[in-house]
Each structure stands twice: as C-alpha cells, then as structure tokens.
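K.L.:
Below you will find the structure I want to go over with you.
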Amino acid sequence: LQNRFGEKISTSMGVPNGVALDNKGRILVADTENNRVLTFTSSGELVGEIIGCSDARLVEPTGVCCFNNGNIVIADRSESLLKLFGHDGRVIKTVGRERITENDLYTLAYDSRSGFFAADIWNAQVIHFKEDLEVQDIIRRPGKRLGQFGGVPGVAIFNDSLYLADFENNRICIFKKH
C-alpha cells in the first residue's frame, strides 16, 4: 500500500465506487451514498466536491471519467443517467433514461481515441459513447459461452482492448476494440 485517504474528511465517504484521474493528476471518487463526487490531490488532500445543480443534481453517483480536455462525465442513478460537466464545473449536457432505455450504469472508462464506455450492470451490456454523450455502439452479448458475458459492474481500457468484469460468470472478458 503506497497511500490511502478519505477517512479524515469532514463528512466521511459513504460507499466510494468509481474512481478516475483528471488531466492534472487529481483523483475523483464517486461517493455514492453521499450523492457527490470528491476531488483529491494525488497525495490525498481534499480539493472539492461536485454535487451538480438543480437540473442535474447527483443521485447515487457510481461512475466517473475525465476527458483530456478537462470535462468530466458522471454516471448516477437519477433520471439523467449521465451528466457532462465542463472543466469549470458547469453542466454541459445530460442524458436520461428515455434516450438509452432502462439502464443502470456503473463504471466508466475513457479512451481518448474512441470516447468512453459505460458498464450497464443489470442488462449484460456495455454502451460506447462519444465525448458528447452520443451513443456509438451497444455491446450486448448475454450468456455464458465464449464471447458472451453476464452482469458487468466494471470496465477498463488498455491499448486496443476492452476489459469487462463479468460477475455472473466469475471471470474477466477481454475484447479487441474496433
């Protein structure tokens, strides 16, 4: 263990879920139970929090990812599943359940060449988005066979591969991105 933090902030974290690094090396943590995303320095000092605003308030945020331009996307359990914030903290765009069906997005993973991916835990799918929150593709392969997956709570990207945590089949699936 190199470092740990979060225990001594004024209001402790409640069920930290998603974590991401921004283009300045800061650490963002989706604090699900407290309806916020916390920002820390790389050494663990609390910098601030994102709670959204009246038309885009955070409700049980589960995933966060940061783009190279400083914008931040947060997945939560409100009617607006995804919220895009500018580097200045203002809401740029939201995407609601009506646009991408009844989903429960969890982990987000960003790739500067192709956008970001959202793990839809209960629908056995991963949704591929452009940075403007437009859907590029939906990867849905429910099952237990080779090339199929069940519930996906986690997603990661490295080089040209997409990694999925498949909790229903107790395995990690690796796909080549197109």
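The values are calculated or read from the model by the stated rules, or taken from the named source; none is laboratory data. Here the structure is a predicted model, which is why all the values come from computation and not from measurement. Glycine also receives a Cβ, built like all others from the backbone with ideal geometry; neighbour counts cover every protein chain displayed.
K.L.:
Which of (1) aliphatic (A, V, I, L, M); (2) surrounded by fewer than 18 Cβ atoms within 10 Å (Cβ to Cβ); (3) in contact with a Lys or Arg (Cβ under 8 Å, 6 or more places away or on another chain) does Ile138 not meet, given it meets every other one?
P.N.:
All conditions are met except number (3).
K.L.:
Identify, by number, the condition in (1) touching a Gly at 6+ places or on another chain (Cβ under 6 Å); (2) modelled with pLDDT under 90; (3) crowded, with 19+ Cβ neighbours inside 10 Å that Ile50 doesn't meet.
P.N.:
All conditions pass for Ile50, except number (1).
K.L.:
So Thr39 passes all but one of these: (1) under 24 Å from Val135 (Cβ atoms); (2) within 15 Å of the chain's Cα centre (by Cα). Which condition number does it fail?
P.N.:
(1)
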